[in-house]
Amino acid sequence: MATRFETTGKEGSEFLGHPTGLFVLFFAEMWERFSYYGMRALLIFYLVQHWLFSDSEASIIYGAYTALVYITPVIGGYIADKYLGQRKAVLFGAVLLTFGHFLMAFEGGGGQTDAAINIFWLALAFIIVGSGFLKANISVIVGQLYSRTDIRRDPAYTIFYMGINLGAAGGAIIAGWLGQTYGWSYGFGAAGFGMLLGLIVFVWGKPYLLGRGESSDPARLAAPVMGIKFEWLLYLCGFAAVALCWVLIQYQSLVGGLLAVAGAILVAYVVFTAVVKLPKEDRDRIFAALYLIFGSILFWALFEQAGSSLNLYTDRAVDRNIFGVEVPASVFQSINAIYIFLLAPVFAILWTWLGRRNLEPSAPFKFGLGVIQLGLGFLVLVLGANAAGAGSLTPVLFIFLIYLLHTTGELCLSPVGLSAMNRLAPAHLASIIMGTWFFASATGNFAAGLIASATGGEGAGEARTIEVYSTVGWTAVGVGVAMLVIAPLVKKLMHLDTLKDDNVGDDMLGQSELGAPDAAGVNTTGEVRT
């Protein structure tokens with residue numbers, strides 16, 4: 001079947017050797033991440049200091065919130081695949097996110113008896129559902145700008161990841177500093193303006209997306225259902241989901257049950273589809289993708305201590321005086337993003353250089369390296385805390401070191417995972433597999449809340465935090481080594497030697513030496529083979 005895209009005159013537009021659309025998505029996602037991570041840097045402190053939850057309660061709420069942020073892309077990905085298309089899903093998600101972040105600026109008087117806490121729950125609900133429509137689908141559009149065998153894919157996702165972390169760094173520094181210096185509403189308000197800018201960039205840059213991410217059945221969207229267009233009915237369902245999340249975020253135990261049930265259904269659906277409907281090599285690739293997905297759960301469960309237990313530890317047990325200035329703990333949330341922005345080009349160049357010489361480690365091997373570095377980061381912090389001695393503040397150097405090791409681990413896993421999901425999945429399963437990737441993040445984030453809750457509170461709680469970090473650090477190193485050992489077996493399941501493009505026809509122009517189409521992925525008629 002041939003899907004015709006509207007000709008915009010932007011088909012040959014490139015910047016730095018990549019489609020210009022990549023940089024539209026780069027800046028749209030940058031501002032979205034500015035808003036998300038700006039709010040995230042403040043959230044655990046907002047829960048503890050403003051709404052007066054205990055450390056354990058706040059950690060569970062934080063974990064449930066971040067889990068829902070990552071589970072909703074499964075639903076958003078399915079709706080985009082089946083009905084809306086990725087572009088409209090991203091646009092709707094951006095609108096919901098803008099509402100949510102501005103609602104966060106209404107702080108009220110504080111305390112759990114303040115009626116304004118209901119606005120806070122509603123703000124989180126808007127952000128959760130908005131992320132569901134936006135997060136997986138914008139990543140899918142990145143992949144749609146390239147053929148599956150285009151060697152620029154991994155570098156493109158790393159460039160995209162730089163945008164994510166440039167926004168994350170700016171959000172943590174600006175919103176975090178404003179929130180802890182001048183008041184919560186200033187920090188959350190800055191996050192809201194960031195999201196609004198992301199929405200504007202995405203709308204402005206539509207022509208550069210080359211018709212990618214549009215609905216596969218626009219006639220269905222325009223058809224009336226119960227007196228209104230089906231497309232608008234989907235949007236109404238999105239608002240209904242906001243109401244549901246408003247309830248779920250207040251009853252966090254429901255989130256754990258939802259993860260268990262939804263996870264079982266999702267994995268069963270993917271496995272059933274792979275076994276019954278796909279040829280052998282595509283089936284094996286799905287199983288390889290599932291291995292990477294499950295392997296990422298442990299990584300995120302430990303990595304996401306950054307926003308909860310590690311954030312609180314930095315506030316209470318670390319000497320944050322740098323050159324005579326007491327730096328707010330929330331600002332340290334920017335370190336990971338700054339490292340990624342600096343190191344992502346190095347990793348992109350390294351993977352490309354090794355790939356051209358057939359020396360690049362496989363995705364499963366990179367995952368093992370990532371988990372090992374994650375564990376080493378915790379062990380370094382434990383070493384620093386023990387060297388400082390009981391009752392003494394941990395030198396801030398060790399916070400920079402734990403984030404450095406966690407960042408290099410993340411660069412071995414997260415952008416590589418994004419690319420692997422898009423490469424291993426057949427086109428008709430692209431968003432659901434990407435959504436499953438984010439579902440693993442949801443599970444990891446919920447587990448992160450449970451781990452953070454176990455670290456305890458003030459006083460003796462800091463010693464308990466170090467004890468927990470020692471345990472999880474050694475566990476991660478052991479699991480990572482095991483992943484390195486079995487990486488060659490998983491690589492065989494990927495069948496990289498027979499990977500072909502879903503959208504390449506014999507009549508397509510601009511073929512590279514790998515058989516990939518030109519940067520736009522279209523021929524002179526404006527058609528893409530699917």
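Readers should treat all values here as calculations from the given coordinates under stated rules, not as data from a laboratory. These numbers were taken from a predicted model, which means no experiment stands behind them. As a convention, Cβ positions derive from the backbone with ideal geometry for all residues, glycine included, and neighbour counts pool all protein chains shown.
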Each label sits 7 Å from Cα toward the beta-carbon; between ALA222 and THR181 the label points are separated, in nm, by 5.3 nm
Positive dipole terminus of the chain, leading residue within LEU374, PRO395, ILE228 (C-beta point charges): ILE228
Neighbour-count order for GLU231, GLU462, GLU326, GLU281, fewest beta carbons within 10 angstrom listed first: GLU326, GLU281, GLU231, GLU462
What is the gain in length, in nm to one decimal, between VAL261 and HIS428 on full extension, counting 0.36 nm per residue of separation less the C-alpha to C-alpha distance? 57.7 nm
In terms of modelled amide H atoms, which long-range or inter-chain residues lie less than 5 Å from the amide H of GLU14? THR20
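Per the helix-only calculation at 222 nm, which mean residue ellipticity applies to the chain, given -39500 (n - 2.57) for every DSSP H run of n ≥ 4 and division by its residues, nearest 500 deg cm²/dmol?
Working: 16 runs with 367 residues, N = 530.
About -24500 deg cm²/dmol.
Give the order of MET226, MET39, MET162 when sorted by the count of other beta carbons within 10 angstrom, beginning with the fewest. It would help to have the intermediate numbers written out before the result.
Values: MET226 7, MET39 28, MET162 21.
In increasing order of surrounding Cβ atoms, one gets MET226, MET162, MET39.
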Where labels lie 7 Å past Cα in the beta-carbon direction, separation of LEU52 and LEU16 in nm: 4.9 nm
Residues whose modelled amide H sits under 5 Å from the amide H of THR394, counting only those 5 or more places away in sequence or on another chain, are VAL318, ASP319
Put a dot 7 Å past each Cα toward the Cβ at ALA240 and GLU326; how far apart are the dots in nm? 5.1 nm
Past 29 Å, Cα to Cα: identify those pairs from LYS206/LYS366; LYS135/LYS229; LYS82/LYS492; LYS135/LYS277, in the order given. LYS206/LYS366; LYS82/LYS492
For a test of the definition: using alpha carbon positions, the gyration tensor, and the 1.5 limit on a/c, classify the range 222-272 as rounded, prolate or oblate. oblate
Show the residues, 5+ positions off or on another chain, whose built amide H is closer than 5 Å to the amide H of ALA116. GLY109
What is the range 85-234 by shape, rounded, prolate or oblate, if you read a ≥ b ≥ c off the alpha carbon gyration tensor as root eigenvalues and call it rounded for a/c under 1.5, prolate for a/b larger than b/c, and oblate otherwise? oblate
Note the listed values (1) 25.2; (2) 24.0; (3) 42.0, then indicate which one is mean projected area of the Cα convex hull in nm² calculated from this particular structure. (2)
Per the rule of 0.36 nm per residue minus the C-alpha distance, extending LYS206 to ARG316 adds in nm 35.0 nm
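Which order results if TYR235, TYR46, TYR291 are arranged by neighbouring Cβ count within 10 Å, fewest first? Could you put the intermediate results ahead of the total?
Numbers: TYR235 17, TYR46 24, TYR291 20.
Listed from fewest to most nearby Cβ atoms, that is TYR235, TYR291, TYR46.
Roughly how big is the chain's charge dipole about its Cα centre, with Cβ charges of +1 (Lys, Arg) and -1 (Asp, Glu), in debye to the nearest 20?
700 debye
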